1. Among the residues in segment 50-71, are any within 16 Å of the ligand (Cβ to nearest atom), assigned to a helix (DSSP H, G or I) and of a type outside the set (Lys, Arg)?
2. Taking the options ASP121, ASP197, ASP152, name whichever one is within 16 Å of the ligand (Cβ to nearest atom), at pLDDT 95 or above and not hydrophobic (A, V, I, L, M, F, W, C).
3. Considering only residues that are away from the ligand (no atom under 12 Å from the Cβ) and of a type in the set (A, V, I, L, M, F, W, C), look in segment 164-178 and name the one that is nearest to ASN127 (Cα to Cα).
4. If you check GLY159 against the conditions, is it under 19 Å from the mean Cα position of the chain (by Cα), surrounded by 18 or more Cβ atoms within 10 Å (Cβ to Cβ) and modelled with pLDDT of 95 or more?
5. Only one of ILE189, ILE211 is within 16 Å of the ligand (Cβ to nearest atom) and modelled with pLDDT of 95 or more. Can you tell me which?
6. I'd like to verify a number: residues in segment 80-114 that are within 15 Å of the chain's Cα centre (by Cα), within 16 Å of the ligand (Cβ to nearest atom) and either charged (D, E, K, R) or outside any strand (DSSP E or B) (or both), how many?
7. Considering only segment 210-244, how many residues are part of a helix (DSSP H, G or I) and of a type in the set (A, V, I, L, M, F, W, C)?
8. Working only within segment 139-189, note down all residues that are under 23 Å from ILE220 (Cβ atoms), among the aliphatic types (A, V, I, L, M) and in contact with a strand residue (DSSP E or B) (Cβ under 9 Å, 6 or more places away or on another chain).
Amino acid sequence: MSLPRLLAVLLCTSAPLTAQVASSALKIEVRRALPADDIPQPALPDTAKLPRVLPVNRQSVYTRCETTLPLIAITFDDGPDPVLTPRLLDLLKQRGIHATFFLVGKNAAAFPEVVRRIVEDGHEVGNHSWSHPLLTQLSAEGVESQLRRTHDAIVKACGTAPLLYRPPYGAVRATQRARIEKSFGYPAILWDVDPQDWQHPRNAQKVYDRIQSQTRPGSIILCHDIHETTIAAMPATLDDLAARGFRFATVTQLIAYTTPPELMGPPAPKHLPMSPLGAPPPATAGEGTAKASE
Ligand code: NI
């Protein structure tokens with residue numbers, strides 16, 4: 001091995017920082033990459049103040065949003081989990097990050113207090129079906145029932161109606177998608193960053209590595225807040241994405257911010273400002289989220 005090569009190897013092996021990512025049940029060491037991106041650092045908006053209203057002329061499906069700004073959305077599916085989701089909410093709150101949770105209806109019905117906290121902490125809730133079936137194998141009525149029960153369970157739990165859905169496994173037929181959009185007004189939200197955090201053997205390092213390597217401006221990151229390893233990977237993952245210049249928005253905020261103004265439709269009423277970071281949204285209609293009438 002030549003001297004320059006040897007030096008390069010030594011530098012590479014000594015460079016990564018080692019961070020202790022601790023959770024009460026699991027200790028995982030995540031080797032952190034050095035922030036070395038050339039992402040431009042334009043003036044980004046205060047993500048807490050971004051609109052939470054979908055554009056009038058939005059797309060029917062999003063896998064990511066087109067933007068050169070380092071604005072991204074991190075999403076957590078299949079919860080809420082009574083133990084892991086609150087732990088994740090603590091991590092997000094400490095960092096002032098707002099995420100999007102695609103909730104499974106039967107879990108939302110079982111743990112409404114967690115759903116409430118998700119919304120009170122300023123995150124977005126989306127519909128991820130009642131029992132996580134493959135929608136492509138269901139009748140039109142079956143799909144309608146899966147999404148309706150979940151929509152109602154979320155509204156009942158937190159008073160906020162979801163604006164979005166994510167089909168389980170990302171699978172939905174075009175005809176089903178059109179019906180869902182007509183019935184619920186939801187666009188389908190897929191993803192462009194997949195750490196495959198559900199895969200065995202589960203590994204927090206791989207979750208971290210895949211998210212770091214795949215994320216780019218406008219990305220929608222797929223995670224699951226029902227796995228210990230995913231939660232364990234989050235402190236380093238979130239901190240290093242932020243260190244690289246990325247800023248987090250909810251999916252609706254990301255869509256709204258990256259849609260040209262001429263496609264946004266009429267501006268939101270002035271009396272419906274975004275809630276301050278960490279505070280519950282104002283209990284008034286509008287704001288992009290229909291409220292329960294109870
Ligand atoms: Ni899922």
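1. Taking segment 50-71 and keeping what is within 16 Å of the ligand (Cβ to nearest atom), we get 63.
Within this subset, residues satisfying the condition of being assigned to a helix (DSSP H, G or I) are none.
No: segment 50-71 contains no residue that is within 16 Å of the ligand (Cβ to nearest atom), assigned to a helix (DSSP H, G or I) and of a type outside the set (Lys, Arg).
2. Details: ASP121 fails: within 16 Å of the ligand (Cβ to nearest atom); ASP152 fails: within 16 Å of the ligand (Cβ to nearest atom).
Among ASP121, ASP197, ASP152, only ASP197 is within 16 Å of the ligand (Cβ to nearest atom), at pLDDT 95 or above and not hydrophobic (A, V, I, L, M, F, W, C).
3. Of segment 164-178, the ones away from the ligand (no atom under 12 Å from the Cβ) are 164, 172-178.
Those left that are additionally of a type in the set (A, V, I, L, M, F, W, C): 164, 172, 174, 178.
Numbers: LEU164: 6, VAL172: 14, ALA174: 18, ALA178: 16 Å.
In this case the residue turns out to be LEU164.
4. Values: under 19 Å from the mean Cα position of the chain (by Cα): no; surrounded by 18 or more Cβ atoms within 10 Å (Cβ to Cβ): yes; modelled with pLDDT of 95 or more: yes.
No.
5. Working: ILE211 fails: within 16 Å of the ligand (Cβ to nearest atom).
One residue alone meets the criteria, ILE189.
6. Looking only at that region, the number is 5.
7. Applying the first criterion (part of a helix (DSSP H, G or I)) to segment 210-244 yields 210-214, 228-243.
Pick out the ones that are also of a type in the set (A, V, I, L, M, F, W, C) and you get 211, 231-234, 236, 238, 241-243.
Here the count works out to 10.
8. LEU147, ILE154, ALA161, LEU163, LEU164, VAL172, ILE180, ALA188, ILE189, listed by residue number.
The values are calculated or read from the model by the stated rules, or taken from the named source; none is laboratory data. Keep in mind it's a predicted model, so treat the numbers as computed, not measured. Neighbour counts run over all protein chains shown; Cβ positions are idealised from the backbone, glycine included.
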